Structures are given as structure tokens and as C-alpha cells.
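Worksheet: the structure to be examined is printed underneath.
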Amino acid sequence: MTDFLLELRSEEIPARMQDKARDDLARLFAAELAKSGLHAHAIVTFATPRRLALIARDLPEATAAVSEETKGPKTSAPPQALEGFLRKTGLTREQLVERDGVFFAVIDKPGRATADVLAEAIPAVIRAFPWPKSMRWGEASLTTESLRWVRPLQGIVALFGEDVVPCEIAGVVSGAATVGHRFHHPGVITIGSASDYVEKLHACHVVVDQDERRSIIALGATMAARKAGLELVRDEGLLTENAGLTEWPVPLLGRFDEAFLAVPPEVIQLTARVNQKYFVCRDSDGKLANAFVCTANIDAVDGGAKIVEGNQKVLAARLSDAKFFYETDLKVPLEEQAAKLDRIVFHEKLGTVADKVERVAKLARWLVEEGIVKSPSPLVGEGRGPLASASGKGEGDVPSLTPPHPSATASLPPSPTRGEGNLADLAERAARLAKADLVTGMVGEFPELQGLMGGYYAERQGEDPRVASAIRDHYKPVGQGDDVPTDPVTVAVSLADKLDSIIGFFGADEKPTGSKDPYALRRSALAVLSIQSSNKLRFQLSEVIEFLRRIYHFQEFHRALEADPIASVANVTKPIRKFKIDRSIDGERLVVDGNTFGPFTAGTLKNLSDRIHFWGAPLSSLDGDVLSFFADRLKVQQREAGVRHDLIDAVFALGGEDDLVRLLARVHALQAFVGTEDGANLLAGYKRAANILKKEGFAQPAPLPGREGLGVGRPEATDARSPSEPTPAPSLPGRGEAATYDAAPAEAALLAALDAAEPAAADAVAHEDFEAAMAALATLRAPIDAFFETVIVNDADPAKRLARLVLLARVRTAVHTVADFSKIEG
Amino acid sequence: MILTLHDYWSAHGCLILQPYDMEMGAGTFHPATTLRALGPNPWNAAFVQPCRRPTDGRYGENPNRLQHYYQYQVILKPSPPDLQELYLGSLAAIGIDFTRHDIRFVEDDWESPTLGAWGLGWEVWCDGMEVTQFTYFQQMGGYDCKPVAGELTYGLERLALYLQNKDSVYDLAFNDAEGNQPQMTYGDVFLENERQMSTWNFEVADTERLFDLFRKATAECESCLEAKLPIPAYEQAIKASHVFNLLQARGVISVAERQAYMGRVRDLAKGACASWMEKNGWAA
């Protein structure tokens, strides 16, 4: 058993690619060996900026010999068949084995020397290597067929035991020679075998094990900070990156001018980390200190004095740039910045960022005015603004919204003075300023500071602190474990922003599919759910959709009209009720409120009108899509909390439920119920009833249409008639209606139980007391069990049979008062 | 320093060329780089190129950012196998001591959307400061480089900061005091220039005239292409590119338009490259 060492030396490999490259090397190498039936006892890999190495332990000297038997023609077959077989196998008649009247060829394959297998495996691995980005180089690159590697490949060390495994690829010939540290040890070093590789390199100032370099940096940086009386801010990503940039890491502490601490600490940390890969430090109060730790790649003869000096200079220049941005940005009021958002396209079909801001601002205000987002303690002067009535439920008309385009400042609510502003005004103002930092210099430089910078600027520019923190936090929560906003102003803006994106992108037919979710809508939906559950917010998605639809409709109109240079009706301010497109021989005309615009070239209005029509019509399909999207997210979110996904389905399948908090309350009650003996038995009884009904063609009732169907309204639980019922529908006895024959005792008992349970359950649901609804259903369990035990549904008397089927249908419908039990598993 | 680099690269087989007499955003725009990177012929050259980046202007207030500065440009085609060693040799030649300074090759993939070009390489750090852009060109003007050229772009001011141990570019000594010539700093020569040019770039430049210039350069480029004159066509593409940079500094190009303008310049540059390939009879 012998160890094998492979080192692929290259010009500097990007730090971010090294971890995956190690995995790929091990995987590809193992796969190549496996083709010859070889397996290493263990494979370890190393990566530095200049080399990728692998040690495979305990390989045999040769692959095992194998004997393969191939079946040939029958002995009775014509001679041509035999000749063909001999040609194919390269054997003679005498070498074949005869068994049961059939020829067999037995070919013994001798084992191959492992070194030979390796010599073929190395170039194969190199050629197949999946670098995220690769390149050509040198003279060979005259053709595009030349070898591609992450950077020019410089050398190959391939030692099986102490012997070189000879191979060549793209002019690079394998050997035992490599190089040490670029500056400490520029000469060639010769490796003896896998066993001295790590030590020999170490002697030449190369720590080949990335984890070791990581620990050296972690420890060295911590110590350097401690020596200065500071605490290092740990950053795992930076540790890995610096380990990937060095072969001989030496952490060094440097300082910067205290004056830069006037810049927000997040900016300093980001500048240091992103641009310079420095760690930052905290002082004993936990505040950012004017110090950093950089990781050099050499032991400098002056102890690093020059290196620290140089790095300090660079950071000072970076920070002075950041300070320049910060101070320049501070001079421009956010309101003024917000006015520039109409230059940034949010999405081709959803308008500019200014359009989005307009929608978010209106929705944020609406969320407050509808009482969905409330102050924990009522604010003085809170009340319904003038927009509240306009956002009401009028049929088909467009709410009287201020046009989104004319100077955004014009539609800003007055800056409320501290403490007395009402919540709706604060929410609207925060929403209108929330995206303003996107056009600031700082966010242009560091996009990841969006929100945060807006918060700083708002605070320094004298905005209400609640507005400032809403601007800062309105992107939250970003992913699981992030803080969930609780301040009502932030909640309103954050929720409005996310709902607008989800509904808008669904409307633009940009739904997430499979692994594709370019607008992170799944994350947004999860964020909506966490905000909702953390703050116990109650709203119906369909109402939000309807509210946004009107704004979208209005904005589409404006875009359509503004896009039309001929009619120049850009400043139409009154709400437009109806439009139509007239097509005639000279083109098409847009008719709005009796005014005709055009003619336009045929087809120009088509796209616009499609979009306008889309948002102009009530969107039942959108409702359904968005709802089931949320239901899916809800399942994901609740999985961790141990809520069964099938129960969410069971409640969701009833349709019409778009208040997710209520939906979840019902699911919780259901989960508790099906865990009880009553629940489990009722489920079994239900399934039995449902099966019989299915066999007899009593279709499942369709989901009850509209939100009247369930929850808020009284469910028509006692009526099994529905459009999907087979026709002609059997005539069904109404509640308590006497059957035309003498009912069996169990039958009568079930009928009576239903008469009592149905209204009780429906009533409880209407009051959102789902435990009580379950309890009402539980009373059905015993009568159902008794019914199945003593009554035969399939009675010879068709009247009895029908009546009993109808009874079972009533059971099914009654159960559906709380959930579609057919969706429950088990 | 420039003379040392000239000596060094001349000794390593490079032609020593002069700056191109047009405003450009990077030395790579010099036709000796862009056009010569195409086609199969070997090409080794070194030259200084002044660069103008209007948006980088800081009114002379940032010690490290200038809207006008100098790059030292080396192109070696095909890229020699020891290019990294050659490069380090040039740093040693201008006096960088590798026992005291930390030289690093940090991933930086280069892409010029306006030239339709990209390459892989690094930014070379000296004690954390980027002093050189090191690139293996893979494509130019949308064409695969066959063979690949290696390009080195030295930031001359930044290197001088190290060699002279200064904190601000404006404090760099421009000369040694000799005879009746007093000692002059980089600031003495360029500070006022930076102030005035920043003001012009950001605040004054007449955007209507700039838009007009852009249109004219575009039109001129197109007529050169029609006349099958790739070199003057390429010059007009450079001009359009610089005018576009000025318009950006004036903040009159929206995000959506930006892409469209860059695409326009790219089309011109690509057109010039295509015409150059055709004129030389090179296949794509």
C-alpha cells in the first residue's frame, strides 16, 4: 500500500474558489480511480493561492486481475457465427470454452500498475476541472482549443510513493519539483514523497493546510488586537478569504485617524472588509475603535513596519472617500433624493422606483388607516385621513389618488413634528423616503448599506426618529433569524414594500419557478408571514391585492398617456374610469372619458392596453396564485414549529381564506383535534363516508367561492349542492326534514347530532373560536361510528339508499366547516 | 521611474511607444493595446498613457483620487510563461523591496463593457494598495484573443507614493531641485488642474453640447466604418466613450439610459475591431 501525492501549481488562484476546488479535486480524482476499480483509503486535499494538492492514502501497487466471460454462439450455429465471434474476441477456436452447447470466451485481464492508472487520471482530472471561470494563455492560445485553467498552470508534482508518475498536459511535465514561498523561498524544492510534502513546504514558508492558516490568522489577529487593548470583531468569511490569499499569513495591527469615526461604523467596517479584507476592532465599551488588522503574506525584515504604514495609507484614502460620500449625501435632503427615483427603473412592467414608492406609501398609510397596523398605545390625534374613504370599496372606479409623477415632493405629507404626528402620516412619510438612499453616493458605492444609510441621513436631517428607524429597517427581516420589525411605522412600511413586490411581480407574471426566484419573492413572503405573526396583524390578502390593483391600474394609465407624445395628456389628473381602443383604417385611437387620442400606428396600444386591462379587472386568478404562494411559504415557515403541512392544505383547500393569521389559528386547533381520540376517529369516519360518496358519484363540493364562503360569513354547511354535484342532483332533505321512511335509530341519532353540530360549528367558526368548532364536530364521532356499525348504506330500497348517502354528504359538508379532511394524511 | 520602466521593458523586447493624443479612460484604449491584441501576430510594447476619469475627480481633496493621472502600460502577446516573474522584476527595478513590502495577486477579473472585452487576472497589491492591473486578455471587441496577450497597467502615481514614502499624491516630488530650478511637487503641477477640471466635469460642462458631440462622434465613426477605415473609426469610438464619461459625471444619464449609451459605444468599438480584423484578413 502506497501513498500518492498530487500538486497542481498555478498562478494565484482566487481565494473564493479554493474550497470548492479542493472538493472537486477529491471528487474527480476518486471517480477516475474508481473507473479502474481503485479506491484510496483516504483522500486529503489542500489549497493555497498557488497550489492545489491531494494526498491519496494506501493505494495498491496494481489493480486486481479480472476474468471476464463473454457468451458466444451455440455450438450448433453456422460456422459464420463462430468466425464472427472469434474475430470479435481475438481468440482462436481452441481457446473457447464449451458449456451446455454454447461457446464462451474467457478473457483474463491482468491487473494494471496503479502508476499507469494515475498517469492517465491526472490529465483527465485537469481537463475535466469545473472552475467557475477559466482562461487560455501563452503560445498555445493561438487556438481556442487550448487547455483552460483558472490561471496559467505552472507545474505538476505527481509522486506515487517516491516515484514520479510521468504525465504531461499542455506542455507541463510532471515531476518532483515545486517552489516555496514566492518571496521567502523563490528557488525550486524537491519533494520526496507524500509523507514529507507538508513539512518541506513549511520549511520553505508555505503553510499548505488552509485550516492551519485560518487558525494562525484567527489567533494572530486576536492577539494583535488584545495587545492594543482591543477586541477583534470576528468575521469567519474574512478568515477564510485571508487564508486563501496567503501562504505564510502574518496578521498586523494598524490604526486610522480618529476623525473618521464620525462616519457610521457600518461604513468603516464595510470599507475595511470589502475593499481591503481587514478585520476591525472594538474598544472596551464595545464601540468601533480606530484600528484594523491586515494579514500580510510575509515576515518582513522590519517586523512589518512598512507594511502597516502602507496599509494605513490605503485605508485612510478609502475612508476619506467614504467620508466624502457621507458628507456630500448629508447635504442633500432625502426628499430631494427621493425625487430622483423616477430615473431608476424598478421593473419594466412595474414602472420606476418612484412608482413603487408611490404604491408603498399609499399601502403603508392604508394599512394604518384600516387599523391593520396599530400603535401599541393609541397615539394622540390618530384618525382616518382623507384618503381612507377614497380607498374604500366603490365598485370599479379608480380611487382618487394623486398622480405619481409630478414632482414627488409635491405629494409628500408635511414633515410631522416630533411626537404629535399621527401614525398614518409617519408611515407614509417613511415610505416616501425609504428608497431615497438608493441615489446617494454612499449606497452607490456600497449597495449593501441600503436602508441603513437612509436611516442615518434621516436622523441627521431631523426626521422623526420613528421615520428614521423605519427607513433603516424596512428591508427587514432579511432571511430567517433576522430581527422582525415591531415598531408600527416600520411594520407598515416593511409590510407594504414586500406586499407590493410580491403582488406586483405576480401580476407581471414574474412568479418564482423551481429554483428561480430572481426577485427573492419567497424570502419576501416569509418576511411578511413573520411580521404578521410577530405583530399579530390581521388582514385579508384579497383586500390588499384589490387596493394595489387600483394603484397599479392608475399608474399604468399614466405611463400609457405619458408615453404618447401626440396626445400630450400627461397631466391628466382626474381619475379615469373607462377607456377603449378604436381601430380603423388609419390606425388606432385611445378613447378616454370621451376624449379621443391618436391615431397611433396599429399595434402600439396593444401592449399597453393588455397591461391596463390586466390591472383594470378584478384579479381572481391573481388572488388564487398569490394565496397559494403564501400558503406554500406558510408551510415552510410552520414546518419548524412542527405544524403539519397537510393540515395547512386541509384548511387552505376550503378556499376563500386569505387571512393568514386566522388560517393558522384554525390549523393549530385542527392539529390539536386530530391528535385526540375523537379527532382520529372522526377522521376515520369521515374518510369512510367520503369513500362511499366518491364511489356513488357524490362529488366533493367545490371550494366555496369568494371570501363569503368561509370564516367571516356563515357557511352553507348543510347544503351539499354545488356546481360539481352530478346532475340531475338527487333531491336532498333539508336540515331536520323528516325522511320518507322510518329511519334506523343510528341514522336518526346521526341526523339529530348533525342538526345540533352544524350550527354550533358554523357559529364557532364565525366567531373564530376554532376549538369550539372542533368540539362541536367531536359530538359527531359517536353517532357516526354507531351509524357505520349498524346501518347499511347500500340498502335495497333506493329511497333509503339515497337518504343515507345524502346523510353522509351532510357529514362530509359539516366536517368541511372547519377543514377539508380529505387532505389530511393518515 | 518611467525611464527605469522603459529601460527594463525595452531590455525585455518591448517597443517603447508614446502616449496616444486623445482623452481616454484607461491605457487599454490605446490602439497599441486594443487593436494589437487582435490577430495572430506577436506584439510587445510599453508606453505611458494619461487617463481621464471624470467621475473620479475629487476637487483635489482626496490624496488618492484624480480625474487625470498616468498609467504605464505593457502588452506582451502571446503572454510569456514567466510573466509574473518579469513583472516582479520590473517592481524590483524601480526599487520595491520585497523583504519589506507585501506584494499580493488578488483576484480581479477585468471587463470593459465599452470595448466588448474581458480577461482574467489580478489587481496587484503592494501593502494593500492596488498598484497594477494584471490581465490575460481573453476577448477584445467581442473576438477571442488568439493568442492571449498579457497586459500590465501600472498606476504610476501610486507606485511613486511608495517609493517616495508620501501620503498624498500632491506631495510627490516632481523633480530634484537643481541649479535655478526649485523643487516642484505633483501638486504644484496638477492641483489647480484637478480643481478646475473637477468643477468643469461635475458642474459646468454643457450637457447639450456634449450630447451633440456624442452624436457627431457616433456619426463620424459610422462613416469611417463605411469607408473601411478602422483606425479613424476606433478614434471616434474613443471620443464617444470619453464624452459619455463626461455626461455621466454631469449626472444626466439615467440608469436605464446608461446601458443604452454603453451599448452604443460598444457597437462602435466592436465595429472598428471587426473592420480591423477584416482589413488584416483575420478570421474570427
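Some points to look at:
- Scope segment A:120-151; condition facing chain B (nearest Cβ under 9 Å) and closer than 16 Å to B:W118 by Cα; matching residues: A:K133, A:S134, A:M135, A:R136, A:W137, A:S141, A:T144, A:V150, A:R151
- For B:E130: the one exception among (1) closer than 23 Å to A:P251 by Cα; (2) at the interface with another protein chain (Cβ under 8 Å from one of its Cβ atoms); (3) assigned to a strand (DSSP E or B): (2)
- Number of residues in segment B:60-80 that are within 11 Å of another protein chain (Cβ to nearest Cβ), farther than 17 Å from B:G119 by Cβ and out of contact with any Asp or Glu (no Cβ under 7 Å at 6 or more places or on another chain) equals 2.
- The combined condition, being buried (at least 24 other Cβ atoms within 10 Å of the Cβ), among the charged types (D, E, K, R) and more than 29 Å from A:G655 (Cα to Cα), is fulfilled by A:D473.
- Subset of segment B:16-59 that is within 14 Å of chain A (Cβ to nearest Cβ) and assigned to a helix (DSSP H, G or I) - its residue that is surrounded by the fewest Cβ atoms within 10 Å (Cβ to Cβ): B:T55
- The residues listed here are A:T328, A:T240; of these, the one that is in a helix (DSSP H, G or I) and under 28 Å from A:P14 (Cα atoms) is A:T240.
- Beta carbons closer than 6 Å, at least 6 apart along the sequence or on distinct chains, pair a first residue in segment A:18-46 that is acidic (D, E) with a second that is at pLDDT 90 or above for A:D24/A:P130; A:E32/A:A121; A:E32/A:A124; A:E32/A:V125.
- Every condition in (1) at pLDDT 95 or above; (2) assigned to a loop (DSSP other than H, G, I, E, B); (3) not hydrophobic (A, V, I, L, M, F, W, C) holds for A:D285 except the one numbered (1).
- Residue in segment B:149-160 that is buried (at least 22 other Cβ atoms within 10 Å of the Cβ), without any contact (Cβ under 8 Å) to a residue 40 or more places away in the chain and either within 12 Å of another protein chain (Cβ to nearest Cβ) or part of a loop (DSSP other than H, G, I, E, B) (or both) present: no
- Listed by first and then second residue, the pairs linking a residue in segment A:149-165 that is outside the structural domain of A:R136 (by the TED database) to a residue that is crowded, with 23+ Cβ neighbours inside 10 Å and not polar (S, T, N, Q), with Cβ atoms under 6 Å apart and 6 or more places separating them unless they lie on different chains, form an empty list.
- Note on segment B:224-278: among residues that are more than 14 Å from chain A (Cβ to nearest Cβ) and outside any helix (DSSP H, G or I), the one that is farthest from B:A26 (Cα to Cα) is B:A227.
- Restricting A:P60, A:P79 to residues that are at pLDDT below 90 and over 35 Å from the mean Cα position of the chain (by Cα) narrows the list to A:P79.
- Of all residues in segment A:93-105 being in a helix (DSSP H, G or I) and of a type in the set (D, E, K, R), the one that is surrounded by the fewest Cβ atoms within 10 Å (Cβ to Cβ): A:E94
- Per the conditions (1) assigned to a loop (DSSP other than H, G, I, E, B); (2) of a type in the set (D, E, K, R); (3) within 12 Å of chain B (Cβ to nearest Cβ), the sole criterion not satisfied by A:D321 is (1).
- Residue pairs meeting the criteria (Cβ under 6 Å; at least 6 apart or on separate chains; first more than 7 Å from chain A (Cβ to nearest Cβ), in segment B:87-111; second surrounded by fewer than 14 Cβ atoms within 10 Å (Cβ to Cβ) and of a type in the set (V, I, T)): B:A93/B:T4; B:I94/B:T4
- So A:D342, is it part of a helix (DSSP H, G or I), crowded, with 24+ Cβ neighbours inside 10 Å, not assigned by the TED database to the domain that holds A:E266 and not β-branched (V, I, T): no
- Looking across segment A:274-305 at every residue that is within 14 Å of chain B (Cβ to nearest Cβ), in contact with an Asp or Glu (Cβ under 7 Å, 6 or more places away or on another chain) and of a type outside the set (G, A, S), the one that is surrounded by the fewest Cβ atoms within 10 Å (Cβ to Cβ) is identified as A:K277.
The values are calculated or read from the model by the stated rules, or taken from the named source; none is laboratory data. Since the structure is predicted, the reported quantities are computational estimates derived from the model, not experimental observations. Counting neighbours? That spans all protein chains shown, and the Cβs are built from the backbone with ideal geometry, glycine included.
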